[in-house]
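The values are calculated or read from the model by the stated rules, or taken from the named source; none is laboratory data. Quantities reported herein were computed from a predicted structural model and do not represent experimental measurements. Neighbour counts are summed over all protein chains in view; Cβ atoms, including those assigned to glycine, are modelled from backbone coordinates with ideal geometry. Only protein heavy atoms, including side chains, enter the accessible area calculation; ligands, DNA and RNA are left aside. Shrake-Rupley method; radii C 1.70, N 1.55, O 1.52, S 1.80 Å.
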Amino acid sequence: MRPIQFELNGQEVDLKLPPRTTLLTALRDHLGMYGVKHGCETGECGACTVLLDDHPVNACVMLAAQVEGREVRTIEAVGEHPQQGWRRTEGLDPIQVAFVETGAIQCGYCTPAMILTARSLLERESTPNEMDVREALSGVLCRCTGYLKPVQAVLRAAARMRGEAVDPIGEGLILPEDFHPVSSQNLRGDDWAGGEPDLVTRTRVMPRMELATKSETWRSVGRPLPKVDAVKLVQGKPAFTSDIEMRGMLVAKVLHSPVAHARIKRIDVSKARSIPGVAAVLTWEDIPRVIYSTAGQSDPIPGPLDSFSLDSKVRFVGDRVAFVAAESEAIAIEALEAIEVDFETLPSILDPAEAMTDGAQIIHDETEYVHFADSDPSRNLAAQIHIDIGDVENGFQEADHIIEGTYEVPKVQQAHIEPHVVVTYWDEDDRLVIRTSTQVPFHVRRQLSPVLNLPPKRIRVIKPRIGGGFGGKQEVLLEDVAAHLTIATGRPVRFEYTREEEFFASRSRHPMRIQMKTGVNEDGTITANEMRVLSDTGAYGCHALTVTGNTGHKAMALYVGDGPYRESPNIRFYADVVYTNTPPSGAYRGYGVPQGFWPVERHMERIARQLDLDPIEFRLKNALRAGEMQPFSTAWSEGREPRPETINTCGLVDCARQGAAAIGWSKKFNNPTWREIPGKPHLKRGVGVAFAMHGTAIPYLDMGGASIKMNDDGSFNLLVGATDLGTGSDTVLAQQAAEVLGVPIEDIIVYSSDTDFTPFDKGAYASSTTYISGAAVTGAAQKVAARIQDRAARLLSSEGEKIDPLTIKLADRSAWAPDGRSVTLTEVALNALHHEDQEQIMGVDSFVSPVSPPPFAAQFAEVVVDVETGQILVEKLVMAVDSGVIVNPLTASGQIEGGMTQALGYAVCEEMRYDQEGRPRETDFGDYHIFAAHEMPVLETIFVETVEPSHPFGVKAVAEIPMDGVAPAVGNAVLDACGADVAVAPATPERVWMALRTTSSDQN
Amino acid sequence: MSDFKYYRPQSLDEALPLLKSGRPLGGGTALTPRISQVDEIVDLSELNLGGVRIEGDSTIIGSMVTLQDLLETPESIPTTLRNVCRQEAAWNIRNVATLGGTIMSADGRSPVLTVFQALEVQVNLVPDPETLSLGELLKRRIKPNWHRLITEFVFQSPDRLFYTQISRTPMDRPIVCAALAVRSGSGQDLSIQVSLGGFGPYPILLPKYNGDLPLEKTSVEVKSAAQEAFSQAEDDFASAAYRSNVAGVLAGRLLGEALK
């Protein structure tokens, strides 16, 4: 042990620590500074930022001993909640205030780090410019926000700290009368009424919005309100899974397979078990052999059951071999190293094209395998889809042109900054508590029940705050490991992935190879469209069917053709989803749809160019419209019975026009003069477009529940099973409740989620929460409102004329009679709980939708290409989105900005590759580069509102659609710039360079 | 896991014996992630090895200068060198990572190392004071039990210094990068030193070119040498054909800038 003294947040600290202890471990595990987060072990993500002698540093790459005699500041020293009872406080720091009001916080995991770096900057520089701020934030990776709002927040805070006024939040809202009249003939017009985006001060935070006509009485829905969880997150409160101490808690580790495919001939854990401090070592021989799926989905799982907690066979480098629980991480690692394993290596399949060839090694030969639909493990086939809509062959025969193309999309990582993490323990009733960072708490409970041999009623799943998920936490990935070890030891167990484990042993986006074939008439009418997909699910078939099904269900549904083909489109979608000996694919924001829109939108661009058609007009001519049938709705529904769905709303025409105006399309597209950069002949500018369509929940399946309880003071507890993974869903749900109940959002106390006392919700996926859970919340609020109206009518009638409860309006924390008399909700609550005919006013409701109303979008990109090296610089991304009514413009635009940023990585830099032994190339954020604050293009979001009639507030989804269009828009912009037609994403410099050479040789 | 020893000596005299068995710790950003593989470390933070000074034509940078210190050093060092510190790492890391640690741990994808190569940096070492070229240091640093301590980096200030890189995003690690230093010789002669990075264990130094060659010939030779240097530079991130071609392009561009 080494004595260490330093100053922490103004207090002297005296510790005795093992000298290998990092500063991060010292601060979190020994000093309870949970605002310092773990995101990686190599200093690349910056979640562990602290101020060391006023300078931001990463605590994970410093030893605690290095800060001897120095001053350390953490977020715990910055600001506090402005209301501390009778004690007067300074409240939040100005930077924290700015982060709250601008919507700069999504999951909040990196927020303390950003605030500390901003504070360090502003302590040294009171008048930073935008680049100074971006540079200051450069060491903190954020996967949620796209950095725009954090930059705006710091600039606003700086201005305030200088005593300057800043624009009120809400400034910049573009009203309908400001928009130029929209007509399909005017799509090329650039006369945008709103002018150029505010790029100078960056303090205006509202997105541009074309507002739909809706109720003028709304006080909550549609407003840019601060997030309900923002105040705790800017303070770095211990809200996340790992921010918990428990007496006797063990640390879990997993021994991962070093080989891609093998049987375990012998495993000897005796030495590991004998190490002092090791509490348990488990192998496949120690736990029940129960087959299940790790995909967090509704019952029955729409995919094969092909996984075991531990097996006698390993199927990828990183697969599980053994579990260890020990008194410390160091001991657990020592135990892993002491486990002896003899592998009988088997031939491995790393190329999906080889998976179904004759004589290919079978990856799943276990007898327990449970099929779903057309899965066939004897052919390494996890799922197969054959969909024919209309008469595709006839459509090809009727076409003037047949245009074909082959495309490819990579495997990519969700890269949420909070790793997968879980804590398990037995409670006082001997019920197993699983505290986990999950998007699907109810699925975790149901799916782990047989694996653990515990009935669901003896499992309680608590979902604390989630530090980002993006689909990665729609997987039941770690929970069983900790649970088995708690069962084995009787003790609490914490298991948290390292960043390296995230890369080689979690889930990722399915890589696909896609062939497109399209029949088109001379006038641009699509007569038939075909997509054939080879999808690589990796070693296990989690989400195999449903992800790949969505590739066709959304991307191939957008273009139905025109004229008679609009009535009866001809569409084919065939897919083979195959097993390989690579880490499993799974759910990742977009869920198969980004894989579909890369080929579809690159292909549409090729067609438009080949036929000399305007790319926007060509797309709109063939795109789905309101009132038409979603063509796949009669063909496929995530492995369940399909039912016809009509598109109620479609703002695509307006999206195209507004997006085109914002990017300056008519002045730039195919313009050789604009393309040139004076004095730099090797650089060429280009502009590109892609359309996108997504879904909103799974019809007839996805269900959300909500309960609302009224308190003495007229406030309400809103309990939802929905899981806010940083998206702001708790906030938009509260806004919908507040709207119905006539109270400000701060009177709605949101809790999510706990399987013991929040209603069921299928979880956060399929872009469903605002729509599905929101409708449930609205229903529950309406039931509560009815009880309030009834009691208020009685109270008001007692003083005069009898009042019909149905005429009572709820607003401004009161119930109002038509004659202007009112009672406060506090009076109603006290009356109900204490005074007469006492009752608990509460409401419970749930919602399932018969439709999945699609959001639509037009995505634009502007790039500069270095034609001698293939390097791309993306300078600007504009996305115009129809997501129905926008409940909260701040959280919704944050979704678009963050989504575009993730999708930008998909476009230009992110991919996971493996060597000939199946070992990953990318194991950290150095090689797997995600965009940082100081290298971002300009981002602009435009909302084109429509009112979706299937939802009480007219909403549609916003979360996933920004993933869909960026990559093809960038690809199309590269094509516009220099003629390089890149078929394989991401468009790396070498791929662009190769495409340029191909183009050049074609021209020769 | 073996016992671990952490020392923070207060002087070089105290440090040098410890370095016979201990690993030097600069900022720790490269070493801490591998700390479980290390048994003994010597924290150099109290040895007064920081500071940047100019002596005549020489710029002397202490090995414990952090990348952020270097970036914030006023005009006394080339702007390009300051800028590549920003390219090397983000602010949080720059505040801790030392130049010595960076040079000892970086690979061919390091912008700072690539620029240092072009600057023909000399490295002062102790014990038994010795000065090595950076290239020699990079070859020796991988040897086991090489118990030497870098105290200073020294280079002759160039007339001009250039750096460029090709990467997937603006701040990503380079796939190919190049640095070029121009120095005036006696009379009107120029000497041109180009280094290439983005690949391998360390950047490659091209032969030095003198400005007495005709401009076109120099350009052809530099491009050709760059292409040849990366003709086998294939790894998971790029093919040799691509790197070779782009190396020639970048070298040619820098030369064009230098000779403007």
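Annotations
- All strands (runs of 3 or more DSSP E) inside region B:134-194 with 3 or more residues being closer than 23 Å to B:Arg86 by Cα and out of contact with any helix residue (DSSP H, G or I) (no Cβ under 6 Å at 6 or more places or on another chain): B:149-156
- Selected residue [within 14 Å of chain B (Cβ to nearest Cβ) and either among the β-branched types (Val, Ile, Thr) or buried (at least 24 other Cβ atoms within 10 Å of the Cβ) (or both)] from A:Thr891, A:Thr901: A:Thr901
- Of residues in region B:233-255 being open to solvent by 40 Å² or more (accessible area, probe 1.4 Å) and out of contact with any strand residue (DSSP E or B) (no Cβ under 8 Å at 6 or more places or on another chain), the one farthest from B:Lys208 (Cα to Cα): B:Asp236
- The one condition in (1) within 14 Å of another protein chain (Cβ to nearest Cβ); (2) crowded, with 22+ Cβ neighbours inside 10 Å; (3) in contact with a helix residue (DSSP H, G or I) (Cβ under 7 Å, 6 or more places away or on another chain) that A:His55 fails to fulfil: (2)
- Among the residues making up region A:475-502, those that are of a type in the set (Gly, Ala, Ser) and open to solvent by less than 10 Å² (accessible area, probe 1.4 Å) are A:Ala482, A:Ala483.
- Residue list for region A:800-833, restricted to those being surrounded by 15 or more Cβ atoms within 10 Å (Cβ to Cβ), assigned to a loop (DSSP other than H, G, I, E, B) and in contact (Cβ under 8 Å) with a residue 60 or more places away in the chain: A:Arg813
- Residue in region A:86-103 that is open to solvent by 10 Å² or more (accessible area, probe 1.4 Å), assigned to a strand (DSSP E or B) and touching a Leu at 6+ places or on another chain (Cβ under 6 Å) present: no
- Criterion violated by A:Gln96 - all others in (1) away from every other protein chain (no Cβ under 14 Å); (2) more than 30 Å from the chain's Cα centre (by Cα) satisfied: (2)
- Restricting attention to region A:904-921, the residues being at the interface with another protein chain (Cβ under 9 Å from one of its Cβ atoms) and either among the acidic types (Asp, Glu) or over 21 Å from the mean Cα position of the chain (by Cα) (or both) number 4.
- Options A:Val992, A:Val974: the member that is within 13 Å of chain B (Cβ to nearest Cβ), open to solvent by less than 10 Å² (accessible area, probe 1.4 Å), assigned to a helix (DSSP H, G or I) and not basic (Lys, Arg): A:Val992
- Hits in region A:356-394 (condition: farther than 30 Å from A:Asn521 by Cα, open to solvent by less than 50 Å² (accessible area, probe 1.4 Å) and out of contact with any Leu (no Cβ under 8 Å at 6 or more places or on another chain)): A:Ala360, A:Ile363, A:His364, A:Glu366, A:Asp376, A:Pro377, A:Asn380, A:Leu381, A:Gln384
- Residue in region B:38-56 that is nearest to B:Leu125 (Cα to Cα), counting only those that are within 9 Å of another protein chain (Cβ to nearest Cβ) and in a loop (DSSP other than H, G, I, E, B): B:Ser45
- Residue check for A:Glu948: under 30 Å from A:Asn581 (Cα atoms), part of a loop (DSSP other than H, G, I, E, B), open to solvent by less than 10 Å² (accessible area, probe 1.4 Å) and at pLDDT 95 or above: no
- A:Pro112 being crowded, with 24+ Cβ neighbours inside 10 Å, touching a helix residue (DSSP H, G or I) at 6+ places or on another chain (Cβ under 6 Å), modelled with pLDDT of 95 or more and within 10 Å of chain B (Cβ to nearest Cβ): no
- Residue list for region A:58-79, restricted to those being open to solvent by less than 50 Å² (accessible area, probe 1.4 Å) and in a loop (DSSP other than H, G, I, E, B): A:Met62, A:Thr74, A:Val78, A:Gly79
- Options B:Thr131, B:Thr114: the member that is within 14 Å of the chain's Cα centre (by Cα) and β-branched (Val, Ile, Thr): B:Thr114
- Picking from residues in region A:931-945 that are out of contact with any Asp or Glu (no Cβ under 7 Å at 6 or more places or on another chain) and in a loop (DSSP other than H, G, I, E, B), the one that is nearest to A:Trp218 (Cα to Cα) is A:Met936.
- Any hit, region A:410-420, residues being in contact with a strand residue (DSSP E or B) (Cβ under 9 Å, 6 or more places away or on another chain) and without any contact (Cβ under 8 Å) to a residue 60 or more places away in the chain: no
- Check on A:Arg119, open to solvent by 40 Å² or more (accessible area, probe 1.4 Å), in a helix (DSSP H, G or I), closer than 21 Å to A:Cys48 by Cα and within 14 Å of another protein chain (Cβ to nearest Cβ): yes
- Of all the criteria given as (1) within 10 Å of chain A (Cβ to nearest Cβ); (2) open to solvent by less than 10 Å² (accessible area, probe 1.4 Å); (3) of a type in the set (Val, Ile, Thr), the one not satisfied by B:Thr66 is (2).
- Selection count where residues are over 25 Å from A:Leu225 (Cα atoms) and open to solvent by 30 Å² or more (accessible area, probe 1.4 Å), scope region A:122-161: 8
- Complete set of residues in region A:520-547 that are surrounded by fewer than 24 Cβ atoms within 10 Å (Cβ to Cβ), in contact with a Phe, Trp or Tyr (Cβ under 7 Å, 6 or more places away or on another chain) and assigned to a loop (DSSP other than H, G, I, E, B): A:Gly524, A:Thr525
- Scanning region B:3-32 for residues that are in a loop (DSSP other than H, G, I, E, B), more than 10 Å from chain A (Cβ to nearest Cβ) and open to solvent by 30 Å² or more (accessible area, probe 1.4 Å) turns up B:Gln10, B:Ser11, B:Lys20, B:Ser21.
- Cβ-Cβ under 7 Å pairs, at least 6 apart or on other chains, region A:701-715 side free of Cβ contacts under 8 Å to residues at least 40 places away in the same chain, far side surrounded by fewer than 23 Cβ atoms within 10 Å (Cβ to Cβ): A:Ser715/A:Asp747; A:Ser715/A:Ile749
- Scanning region B:166-183 for residues that are within 14 Å of chain A (Cβ to nearest Cβ) and surrounded by fewer than 21 Cβ atoms within 10 Å (Cβ to Cβ) yields B:Pro170, B:Met171.
- Against the conditions (1) of a type in the set (A, V, I, L, M); (2) out of contact with any helix residue (DSSP H, G or I) (no Cβ under 9 Å at 6 or more places or on another chain); (3) more than 10 Å from chain A (Cβ to nearest Cβ), B:Ile35 satisfies every one except (3).
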